[in-house]
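**Student:** Next up is a structure, given as structure tokens.
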Amino acid sequence: MSPKERSALIVLLLIAIGLWGWIGYRFYNNTWQKPLGPALALPIFKPSGAGYAAPARPTGPTSTLRPGQPSRTPYTPEINGQPKCGGPLTLTILAIGSDTRSTGYLYGLADVIRYVRVDFVTPRVTVLEFPRDIWVEIPELDPKHGITHGKLNQAYLYGNKGMGYYHGPSEGPGLLARTLLHNFGITPQHYLAINMQTFVKIVNAVGGIDVVLPRSVDGRKPDQPNRLDLYFKAGKHHLNGNQALMLARIRQQSTFERADNQNIVLCALRDALLKPTNLTKLPNIIEAFDDAVQTDLSPQQISQLACLLPYLQSNNIQFVTFPTETLTPTRTYDKGVNKDVYIFEADFNALRLLVADFERGQWPPRVIPSLTTTTPGKSTSESGFTCP
């Protein structure tokens, strides 16, 4: 090869490298970092009070323990550490399980509502459950429908475009986030909603999940003795996608017990994802489902969350919920469905204080003076549920 030919080849290589770098840069900025859906664009409270009525600023005593509780120290994030996987210090996500059986998101109630706080430094994941039956004020609904209140799970339904009740950003997740902000003061950075069909496919894609049930779960009604698919005896089970969905949806005695079953399923799904055979194909699993969910996470952020999975120890994945004494079961008339419905009346002042602690990474939370120890609690409200 002559010197001129070598020079020409070098120039061509430099041009090719430059072009590839430019394409990679454009992909990184336009695709890798681009959210997969519209952002939440939550409103910013103004001192004038225009628009939203700002939630009460958290006040009260500093974090202490209630009488009779075991000694424990509130979690404090290691803010001086280096975040794993190139992530931020923390990331908060509003996670939603839609009860729609269709492939899209035109309709559907929020069957599962969880507020997820991801700490990339420790690393640690804490998941706060919002019971779907809490009676709340739902902001920004089209006034022509005359609906101002409903169950928390209805905010997601009214927000999705099939209903035509809400005209703001991010459809169902957007209205649900605004409802949570309006009533509880939570400020999620992102959202992720998944319907039942997609959940089933994800569980099947990882080869099913292995769960250990501490007690039998029986979702059969008196006239359904032969519905064995609704019965899960205590002990070990290997579940496919449909079985995992069934277990997660059974409300045997209370909405709180169903939340415990959902936590068991989610821990088992995490374990399945961490199997060596699934870790190698995790990028393909994510890519296969990125158009089957509602989310404003970017491919980069999803990759960071997937990267964090192997770093998460079981005792650093905690599921928590509000103390039972903050929620009072009752019934009320629901204009949206034109009948009396079962609801929870909430102590919103107490719940806002607890949410503020959660967002700071403090759980167990501070003591709330209005709460007493006379109402029997459940294990998750006192100490949290940790993945086994």
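FYI, it's all coordinate maths here, none of it is from the lab. If you're wondering where the values come from, they're calculated on a predicted model, not measured in any experiment. Cβ sites come from the backbone with ideal geometry, for glycine too, and all protein chains shown count toward neighbours.
**Student:** Report D for the range 157-231 in µm² per second (integer): Stokes-Einstein, Kirkwood Rh on Cα pairs, 37 °C, 0.692 mPa s.
**Tutor:** 203 µm²/s
**Student:** Express in nm, to one decimal, how much length is gained between Ala306 and Asn204 on full extension, taking 0.36 nm for each residue of separation and deducting their alpha carbon distance.
**Tutor:** Roughly 34.9 nm would be gained on extension.
**Student:** Taking the simple approach of a point 7 Å from Cα along Cα-to-Cβ for both Phe289 and Leu274, what is their distance in nm?
**Tutor:** 1.7 nm
**Student:** Taking one equal scatterer on every alpha-carbon of the range 292-366, how large is log10 of I(q)/I(0) by Debye at q = 0.17, 0.18, 0.20, 0.27 1/Å?
**Tutor:** -0.94, -0.95, -0.98, -1.16
**Student:** Under 14 Å from the Cβ of Asp271, count the other residues' Cβ atoms, weight Lys and Arg +1, Asp and Glu -1, and hand me the total.
**Tutor:** Net local charge, Asp271 excluded: +2.
**Student:** Here's another thing I want to ask about it. Hey, with R₀ at 45 Å, roughly what FRET efficiency would Asp218 and Leu89 work out to, going by the Cβ-Cβ distance, to 0.05?
**Tutor:** Using R0 = 45 Å, I get an efficiency of 0.55.
**Student:** Kindly state, to the nearest 0.05, the FRET efficiency for Gln33 paired with Asn315, given R0 = 35 Å and r defined as their beta-carbon distance.
**Tutor:** Calculated value: 0.60.
**Student:** Take Leu228 and Thr148, extend 7 Å from each Cα along the Cα→Cβ direction, and tell me the distance between the two endpoints in nm.
**Tutor:** If labels sit at Leu228 and Thr148, their model points lie 5.4 nm apart.
**Student:** Right, here's the next one. At 0.36 nm per residue, and after removing the present C-alpha to C-alpha distance, how many nm does the segment from Lys161 to Thr255 gain when stretched out fully?
**Tutor:** That pair, Lys161 and Thr255, stretches by 31.1 nm at full extension.
**Student:** For the range 174-300, with equal point scatterers placed on the C-alpha atoms only and solvent neglected, what are the log10 I(q)/I(0) values from the Debye formula at q = 0.17, 0.18, 0.21 1/Å, to two decimals?
**Tutor:** So the normalised log intensities work out to -1.01, -1.08, -1.23.
**Student:** Hey, rough spin-label estimate for Val337 and Asn349, points 7 angstrom out along Cα→Cβ, what's it come to in nanometres?
**Tutor:** 3.1 nm
**Student:** Grab the other residues whose beta carbon is less than 14 angstrom from that of Ala95, score K and R as +1, D and E as -1, and report the net.
**Tutor:** It works out to a net charge of +1.
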